[in-house]
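*Asks:* Quick one: structure below, then a few questions.
The values are calculated or read from the model by the stated rules, or taken from the named source; none is laboratory data. These numbers were taken from a predicted model, which means no experiment stands behind them. Neighbour counts run over all protein chains shown; Cβ positions are idealised from the backbone, glycine included.
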């Protein structure tokens, strides 16, 4: 990435995209010129059968790969510009005069997962970037190249950039920690990162986290999309406040499995009886609300119900699930409620809609469903069964923008 970008700010604005751009030592009239120059090189590279024969090369047409790529910073295939990047920004190792030395980084690091950048996109095995920053500061110097060969969602790239733009709170925190531990003070300044992952989803997420974009254009487009979504499906996320008149906006709905009591046979909504409202944790034991006998989850009997598969129109047996808790907002205040008749009626209305065409229809492999898996015995035999009706409708519309 350009020196201007890594040393100043994470996000670019629309006007700066028309400024002269520098990339790998070459000057361009603007960033669009940079992009077109390297796209032409990548286009020719994709015609090389030896290049496409690299193990793990993605399945896709040249145009698909080019459309997703922003070379040389990101390519949706093995990046042919890596050698040029390292040659331009790397520092050759010379054993004659290299005096690099660092003690092992033996400091406990604990960071939460509520930071806006961290929460911007979900990904499994995700590490908060603020937990990575101290290690990068300890082992590297400003301008060094950091390699993450298993990058996931790109948090190492964010951390490398944050080293040059830590913000007052993080800077004070890390400088105070190094002083207390008696270690070398942080050398602030952005590092350059090379991020790699076998997963196309991971590299796409990493690129979108780390590459500059038109901030004002993004905000404008996001507001347009949200406004259109609200006009089309906003009614799916409405609920009545406790006064019975004010409309609230649903943030999320918690669904609960329904069991039957082994003693009296009555139905038990698990969340309603087992969840401790104070700690928000599930209690190991609880009494049956009908006969008061002591129960645990393992002692309950599973209830199956017959539904109509929204894709095939055929009967489908699945564990019984009911909405048990709604978190919603009115203005800036957040509330919780047990779903009322209006909420249940609305959910039933949504469930009657046709399953979106984009929802995968394929079945899970039998081995995956029944050999140690909890899916098959509960009736989840196809990928489409994992989509709740409202989420399926919302995702379909978002994907079409």
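*Asks:* Any residue in the range 219-234 that is under 30 Å from residue 281 (Cα atoms), in contact with a strand residue (DSSP E or B) (Cβ under 9 Å, 6 or more places away or on another chain) and not assigned by TED's automatic domain parsing to the domain that holds residue 31?
*Replies:* Of the range 219-234, the ones under 30 Å from residue 281 (Cα atoms) are none.
Checked against the condition, which is being under 30 Å from residue 281 (Cα atoms), in contact with a strand residue (DSSP E or B) (Cβ under 9 Å, 6 or more places away or on another chain) and not assigned by TED's automatic domain parsing to the domain that holds residue 31, the range 219-234 yields no hits at all.
*Asks:* Give the residues of the range 365-379 that are within 15 Å of residue 316 (Cα to Cα) and modelled with pLDDT under 90, sorted by residue number. Full working, then the answer.
*Replies:* Residues of the range 365-379 within 15 Å of residue 316 (Cα to Cα): 375-379.
Those that are within 15 Å of residue 316 (Cα to Cα) and modelled with pLDDT under 90: 375, 376, 377.
*Asks:* So if I check each of 357, 292, which one is part of a loop (DSSP other than H, G, I, E, B), in the same structural domain as residue 380 (by TED's automatic domain parsing) and modelled with pLDDT of 95 or more? Quick ask: steps written out before the conclusion?
*Replies:* On the way: 357 fails: modelled with pLDDT of 95 or more.
Being part of a loop (DSSP other than H, G, I, E, B), in the same structural domain as residue 380 (by TED's automatic domain parsing) and modelled with pLDDT of 95 or more holds for just one of 357, 292, which is 292.
*Asks:* Output the residue which, of all residues in the range 16-36 that are touching a helix residue (DSSP H, G or I) at 6+ places or on another chain (Cβ under 6 Å) and in a loop (DSSP other than H, G, I, E, B), is nearest to residue 212 (Cα to Cα).
*Replies:* Applying the first criterion (touching a helix residue (DSSP H, G or I) at 6+ places or on another chain (Cβ under 6 Å)) to the range 16-36 yields 17, 21, 23-25, 28, 30-31.
With in a loop (DSSP other than H, G, I, E, B) added as a condition, the list becomes 24-25, 30.
On the way: 24: 16, 25: 19, 30: 14 Å.
Only one residue fits best here, namely 30.
*Asks:* Answer yes if at least one residue in the range 235-243 is assigned to a helix (DSSP H, G or I) and out of contact with any strand residue (DSSP E or B) (no Cβ under 9 Å at 6 or more places or on another chain), and no otherwise. Walk me through it before giving the result.
*Replies:* The initial filter retains those residues of the range 235-243 that are assigned to a helix (DSSP H, G or I), namely 235-237.
Checking the rest, the ones that are also out of contact with any strand residue (DSSP E or B) (no Cβ under 9 Å at 6 or more places or on another chain) come to 235.
Taking every residue of the range 235-243 in turn, at least one turns out to be assigned to a helix (DSSP H, G or I) and out of contact with any strand residue (DSSP E or B) (no Cβ under 9 Å at 6 or more places or on another chain).
*Asks:* Please verify whether the range 166-174 includes one or more residues that are surrounded by 15 or more Cβ atoms within 10 Å (Cβ to Cβ), touching a strand residue (DSSP E or B) at 6+ places or on another chain (Cβ under 9 Å) and modelled with pLDDT of 90 or more.
*Replies:* Within the range 166-174, none of the residues are surrounded by 15 or more Cβ atoms within 10 Å (Cβ to Cβ), touching a strand residue (DSSP E or B) at 6+ places or on another chain (Cβ under 9 Å) and modelled with pLDDT of 90 or more.
*Asks:* Can I ask one more? For the range 322-346, how many residues meet the condition of being in a helix (DSSP H, G or I), in contact (Cβ under 8 Å) with a residue 12 or more places away in the chain and either surrounded by fewer than 18 Cβ atoms within 10 Å (Cβ to Cβ) or under 25 Å from the mean Cα position of the chain (by Cα) (or both)? Outline the logic, then answer.
*Replies:* At the first step, the residues of the range 322-346 found to be in a helix (DSSP H, G or I) are 341-346.
Next, only the ones that are in contact (Cβ under 8 Å) with a residue 12 or more places away in the chain stay: 342-344, 346.
Then drop every residue that is not either surrounded by fewer than 18 Cβ atoms within 10 Å (Cβ to Cβ) or under 25 Å from the mean Cα position of the chain (by Cα) (or both), which leaves 342, 344.
Looking only at that region, the number is 2.
*Asks:* Moving on to the next point. Within the range 66-73, can one find any residue that is in the same structural domain as residue 176 (by TED's automatic domain parsing) and either touching a strand residue (DSSP E or B) at 6+ places or on another chain (Cβ under 6 Å) or over 24 Å from residue 209 (Cβ atoms) (or both)?
*Replies:* Step one: of the range 66-73, the residues in the same structural domain as residue 176 (by TED's automatic domain parsing) are 66-73.
In the following step, the residues that additionally are either touching a strand residue (DSSP E or B) at 6+ places or on another chain (Cβ under 6 Å) or over 24 Å from residue 209 (Cβ atoms) (or both) were identified as none.
The answer is no; no qualifying residue exists.
*Asks:* State whether one or more residues within the range 41-50 are within 25 Å of residue 213 (Cα to Cα) and either modelled with pLDDT under 90 or in contact with a helix residue (DSSP H, G or I) (Cβ under 8 Å, 6 or more places away or on another chain) (or both).
*Replies:* First, pick out the residues of the range 41-50 that are within 25 Å of residue 213 (Cα to Cα): 41-43.
Remaining after also requiring either modelled with pLDDT under 90 or in contact with a helix residue (DSSP H, G or I) (Cβ under 8 Å, 6 or more places away or on another chain) (or both): 42-43.
Checked against the condition, which is being within 25 Å of residue 213 (Cα to Cα) and either modelled with pLDDT under 90 or in contact with a helix residue (DSSP H, G or I) (Cβ under 8 Å, 6 or more places away or on another chain) (or both), the range 41-50 yields at least one hit.
*Asks:* Out of curiosity, is residue 125 assigned to a loop (DSSP other than H, G, I, E, B), assigned by TED's automatic domain parsing to the domain that holds residue 177, under 26 Å from residue 201 (Cβ atoms) and without any contact (Cβ under 8 Å) to a residue 40 or more places away in the chain? Working first, answer last.
*Replies:* On the way: assigned to a loop (DSSP other than H, G, I, E, B): yes; assigned by TED's automatic domain parsing to the domain that holds residue 177: yes; under 26 Å from residue 201 (Cβ atoms): yes; without any contact (Cβ under 8 Å) to a residue 40 or more places away in the chain: yes.
Against the criterion (assigned to a loop (DSSP other than H, G, I, E, B), assigned by TED's automatic domain parsing to the domain that holds residue 177, under 26 Å from residue 201 (Cβ atoms) and without any contact (Cβ under 8 Å) to a residue 40 or more places away in the chain), residue 125 qualifies.
*Asks:* Since residue 286 meets every condition but one in (1) surrounded by 13 or more Cβ atoms within 10 Å (Cβ to Cβ); (2) under 28 Å from residue 342 (Cα atoms); (3) touching a helix residue (DSSP H, G or I) at 6+ places or on another chain (Cβ under 8 Å), which condition does it not meet?
*Replies:* For residue 286, the exception is condition (2).
*Asks:* Given the conditions (1) under 17 Å from residue 253 (Cβ atoms); (2) more than 28 Å from the chain's Cα centre (by Cα); (3) without any contact (Cβ under 8 Å) to a residue 40 or more places away in the chain, which single one is not true for residue 314?
*Replies:* Among (1) under 17 Å from residue 253 (Cβ atoms); (2) more than 28 Å from the chain's Cα centre (by Cα); (3) without any contact (Cβ under 8 Å) to a residue 40 or more places away in the chain, residue 314 violates only (1).
*Asks:* How many residues does the range 248-265 hold that are in contact (Cβ under 8 Å) with a residue 60 or more places away in the chain and either more than 33 Å from the chain's Cα centre (by Cα) or surrounded by 12 or more Cβ atoms within 10 Å (Cβ to Cβ) (or both)? Outline the logic, then answer.
*Replies:* So the first thing to find is which residues in the range 248-265 are in contact (Cβ under 8 Å) with a residue 60 or more places away in the chain, and the list is 248-258.
Retained after the next criterion (residues that are either more than 33 Å from the chain's Cα centre (by Cα) or surrounded by 12 or more Cβ atoms within 10 Å (Cβ to Cβ) (or both)): 248-251, 253-258.
Qualifying residue count for the region: 10.
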